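Have a look at the structure below, then the notes.
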Amino acid sequence: MKTIFEKSVPGRRAVWFEPAREAAPADAVPEGRRRRTPPRLPELAEVDILRHYVAMSQRNYSIASGPYPLGSCTMKYNPVVNEAVAALPGFASLHPRQPAATVQGALRLMVELEAALCEITGMDAFTLQPAAGAQGELTGMLIVRAYHRARGEGGQRTQVLVPDSAHGTNPATAAMAGFEVVAVPSDRRGNVDVAALRARASERTAGLMLTNPNTLGVFDDGIEEIAAIVHEAGGLVYYDGANLNPILGVARPGDMGFDLVHLNLHKTFSTPHGGGGPGAGPVGVKDFLRPYLPGPRPVRLAAREGQEEYGLEPPSESSIGRVRSFYGNFLVLVRAYAYILAQGGEGLRRVAEDAVLAANYLAHELGPDYPLAYDRRPMHEFVVSTAALKRETGVRALDLAKGMCDEGVHPPTVYFPLTVEEAMMVEPTETEAVENLDRLAAAFRRVAEIARTDPERLRTAPHRTPAARLDEARATRHPDLRYRPGLSLPERDPQAAPAGAAAPPA
Amino acid sequence: MSYLAHTADDRRRMLERLDVADVSDLFADVPESVRLGRPLRLPPGLSEAALVRRMASLAEANRGTDRLVCFLGGGATDRFIPALVREVVGRAEFLTAYTPYQAEISQGTLQAIWEFQSMMAELTGMDVAQASMYDGASAVAEAALLAASATGRSRVVALRSVDPQSRAVLRTYAAGRGLEVVEVGDRGDGRADLDALAAAVDDATCAVIVADPNFFGVIEAAPEVAEVAHRHGALCVAQVDPVALAVLTPPGEWGADVAVGEGQPLGIPLAYGGPYLGFFAVREALVRRLPGRLAGATYDARGERGFALTFQTREQHIRRERATSNICTNQALLALAASVYLASLGPQGLREAAERSLALAHAAARRIAALPGYRLANEAPFFDEFAVRAPVPAERVQATLLRHGLLGGSDLGEDYPERRGELLFAVTEARTEEEVDRLVAALEEAGA
Amino acid sequence: MHPTDRRYTKEHEWIRPEGEEAVVGITDYAQNQLGDVVFVELPAVGRELRRGEAFGVVESVKSVADLYAPVGGTVVAVNEALASAPEAVNRSPYEEGWMIRIRPSAPGELEELMDGAAYERHVQAEAGA
């Protein structure tokens, strides 16, 4: 479809403003600093702007379209009531510099959310400031660094241990916090290889980053030993909360030996992903790490005249400092708190149970072409390898995924974790009804069948989607990263066969 | 409220298929010793009706800019938001999509990102803008990291007139990478002290960071700052206000190498500080060093133009510890809001918003400065924020304003001890002449 | 199967002597493993390389690989054409897709590398693993 710039007609207008009754003095903007060339922003009538974006929305798959079993992403239903409460003017219209007396409800909400997150994770305090999971990780690693420095061991503890199955943000974060990354291999059951961990843990170890259940979807039952090894070496144990969903109300990182955690409110606590953001990545710590938290933090002050009073507590002297402006992604926090209130303690445990049940059921229904990479009972997600199918048919996991798009469902995560050949990582979540799980299973089985009967169709898939397979190599070799009149790519490739003709095989 | 789909019968049938007696058997790998063994101590779940009542009561315990007239600025701006923005951003197809990894079924999100990149490149006058950052503050910090890696140097010079929260985030990030941050003050009138700057920048400096307008609202000597940076081979990083760019020469014209800023003024609610939107634009030569997502146009197998994420090898999921940043999300939904905002206003509407802000702010400043005991803190040109010295303590002014239903006058002394008692006001196009009258009258009362 | 006029490394670089100098690139097997090459980062001319030192990077859409010097020496030229046409590495890994030309500092190092037949065994072993 056309871009909004290609629909622009000079002079068309939508929103306008009355001029001020009194114009600004002529010299308000210094000579030489007044913009002479206006930005080439699009000019459209309002109805055409609306239609442009509606047409674009129709070219998007979303949770509102159907199941979205992306492993490690926890694409659960985003309750619409949360959108309604987040839009309340009493939340959405608050300026972050308002006096505390005018934002008591907002402060109270954050204090209550913090308490709920502490209870859920077994931690003692949280900062709600980090804007996303990756920023939460950075916050956590900077806390680890500050802790060792305060003990006079900053110069010595330069290494962070990261399992080879970890999400890419873990090593990237450790590097950003100034650490050297030391990879720890997995054992044959998909757990951290304890002997290898022991060999790598030393007086240079600052900490270990781990998610449990891990990225292979299995619960590492050696967790207590793992935590003990790192602690004995003098390091801290960091919990990446990407996979908290299946242990809600069942087990808590704080009881497994973790010293600090980050959570992904946009995963576990149902806030929408928005096509890639905003999220929120609060970081929780045990008491001994509390001084290092970023600030200011919302707190309950002493009750005054029987009324609860809330305020903002400045960070302590040892704080790592700010990671984001103001207090974090407040409206994301509102949605997450609404979710927790709606579920209640019992409800959260139900979430974990149904998430694990759904993943086990789906894994079972996929059939022999999708063997588990580790033959163990999965938790909320599972990893299969389609290496055998590839050897037989030449069809790659990527092609199977593209084929699933044609089946009308979203494919799983592919090629992650990196340690599994032709990996597919599947996380159905607890909000998909059994018919939807059956529909997903049928789509998996169907593309495996096509791999045998008509592999070419998968290699050139998808065929029924808003766009056919995109030439990603071209996008990088010949970058076209913004609209430039006369220079950007035309809507149709002048070198391609005329529209309507059979597409040539890729 | 339960968002679970299974009936008791569904669960029973699924367990039967798995040949498992009870759902607890699925948790066999969780050692008994780490189990919680008790219910979570959280209140019982609420019905939707009860949930809405509960959340509404928390919301009603606040008094926001829907009930108070906002003259606060300092990193968050109360601008008018067209209805179209909410309409588009609320569409579930955008709201509930994931990061567009499967490009063929994510063309809506990808095209929206590409159009956002285009608009931000236009607005800033830079060659390329990426898909967005968490907020303006982390964008400043990431710009410093980019400059360090591009120049192989490790000293960052930031003007003290750059937003204090951005400088705080910069210090946090810089500590991780081992960068040194040096700050340079102003001449007392809010504009950069160029002599002090020239003395601070050396051949080990990777970046000079300048805000235009700066935190005091002052239009900076930005081109001169860029010149000092370039004299020593450092990059000039500009933190800019996207609406001000309708009337001010953009950083791409005056020599910045990286332009970043807070995108909240572009149609994003104040929301007590977030979620907001960082933007990040660079000169062509720096494209491969960009943090975060980038969308590019390409063709599909049918020869139709489409969009895909590009230059992904910069990113953490491929380069791991050698990535340009650990950032993984962008703020796609807010970038969409900004795009709809900019499309709704167009070049003319944006200019009208900027001119109206400029005019109302100057009228307000002139009248406040004429009140007994009041004066402008800085004798320098400004856009739509300005600092005022009052004849009475800041708290008294703020309290009087609040009594009259007005928000304004944050105390610069919180971040600049030498400016204690200076009050920062923002007057945007969302204000009216009558509201300015009320502000002036309330200030007169406070000063009496 | 692999050109016999050159030597190979375990990391899938080839090196072809030309008088006092030698040309370096990556093998057909390597380009195949990478997929569509979209970017090649090469060193500055004049840089001194130690044997085994990373001298550049080759990127495909979704992977990155370091390039290692097969022998020590001085970089005397780089293939500038790859900046605008990195696809040459896929199309013609042994000729058009060459990467750097170096003047080896210890020519004896070249003899320690694999010949075509040994490299073929190495590739077989790696693919079977």
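Side notes on the structure shown:
- Proximal lysines relative to A:LYS2, as straight alpha-carbon distance under 29 Å, when same-chain residues fewer than 8 apart are discounted: A:LYS402, C:LYS62
- Taking segment B:83-340 and dividing mean pair separation by its residue count, relative contact order in percent (alpha carbons under 8 Å, at least six apart): 27
- Note on the protein assembly as shown: helix-only mean residue ellipticity at 222 nm, from DSSP H runs of 4+ residues weighted -39500 (n - 2.57) and normalised by residue number, equals -10500 deg cm²/dmol.
- Amide H to amide H distances under 5 Å link A:LEU301 with A:GLU309, A:TYR310, A:GLY311, where only residues 5 or more positions off or on other chains count and H is placed in the peptide plane.
- Gaussian network model of chain B, springs between alpha carbon atoms under 10 Å - residue of B:VAL88, B:VAL340, B:VAL20 with greatest fluctuation: B:VAL20
- Pairwise FRET efficiency - A:GLU46 versus A:ALA115, Cβ, R0 = 35 Å, nearest 0.05: 0.20
- Stretchable slack from A:SER202 to A:ASP287, in nm (0.36 nm times residue separation minus alpha-carbon distance): 28.2 nm
- Ranking C:VAL38, C:LEU67, C:SER84 by how far each Cα lies toward the positive end of the dipole of segment C:7-105 (charges on Cβ) leaves C:LEU67 at the top.
- Shielding by other protein chains, A:345-355, mean Cβ within 10 Å: 5
- Note on segment B:83-340: antiparallel DSSP beta bridges, both residues inside, total approximately 45 percent of the bridges counted.
- Angstrom value of the Kirkwood radius, inverse mean 1/r, which spans all Cα pairs in chain C: 14.5
- The equivalent ellipsoid that matches the C-alpha gyration tensor of segment B:83-340 spans semi-axes of 31, 20, 16 angstrom, in descending order.
- For segment A:22-95, the set of trypsin sites (Lys or Arg not before Pro) satisfying both a DSSP loop assignment and a count of at most 14 other C-beta atoms within 10 Å is given as A:ARG36.
- Phi-based couplings in Hz for segment B:52-62 (Karplus 6.51, -1.76, 1.60; Gly and Pro marked x): 4, 4, 5, 5, 5, 5, 5, 5, 6, 6, 10
- P(r) of segment A:82-343 over all Cα-Cα pairs, binned every 10 Å from zero, in whole percent: 7, 31, 35, 19, 7, 1, 0
- Sites listed here are GluC sites (Glu not before Pro) in segment B:339-443 whose DSSP assignment is loop and whose Cβ has at most 14 other Cβ atoms within 10 Å: B:GLU379.
- Near the amide H of B:PHE382, within less than 5 Å, lie the amide hydrogens of B:ILE219, all on another chain or at least 5 residues away, with H placed in the peptide plane.
- Placing R0 at 56 angstrom, the Cβ-Cβ distance between B:GLU16 and C:ALA54 gives a FRET efficiency of 0.50 after rounding to 0.05.
- With the biggest extent put first, the Cα atoms of the protein assembly as shown measure 93, 74, 67 Å across the principal axes.
- DSSP beta bridges fully contained in segment A:202-291 are about 25 percent antiparallel.
- The phi-based Karplus calculation (6.51 cos²θ - 1.76 cosθ + 1.60; θ = phi - 60°) puts the 3J(HN,Hα) values of segment A:52-66 at 4, 6, 5, 4, 5, 4, 6, 9, 10, 8, 8, 4, 5, 8, x Hz, whole numbers, x for Gly and Pro.
- Those chymotrypsin sites (Phe, Trp or Tyr not before Pro) in segment B:186-273 that DSSP places in a loop and that have at most 16 other beta carbons within 10 Å: none
- Mean separation of Cα contacts under 8 Å (6+ apart) over length of chain A, as relative contact order %: 18
- If you sort the three axes of the alpha carbon gyration tensor as a ≥ b ≥ c, you get a/c of 1.5 or more for chain A and a/b no higher than b/c, which makes it oblate.
- Euclidean distance of C-alpha centroids, segment B:16-30 and segment B:142-194, integer Å: 55
- Bridge type composition, the protein assembly as shown - antiparallel percent by DSSP, nearest 5: 70
- Cα-based shape type of segment B:9-56, given that a ≥ b ≥ c are square roots of the gyration tensor eigenvalues and the cut on a/c is 1.5: oblate
- Relative contact order (%) - chain B, alpha-carbon pairs under 8 angstrom, separation at least six: 19
- Set of lysines near A:LYS286 by C-alpha distance (under 24 Å), chain-local residues within fewer than 8 positions excluded: A:LYS267
- Rg in Å to one decimal, and Dmax rounded to a whole Å, for segment A:17-127 via C-alpha atoms: 23.1, 62
No lab work stands behind these numbers, since they all come straight from the coordinates. No experiment lies behind these values; they were computed from the predicted model shown. Reconstructed Cβ throughout: ideal geometry from the backbone, glycine too, with neighbour counts over all protein chains shown.
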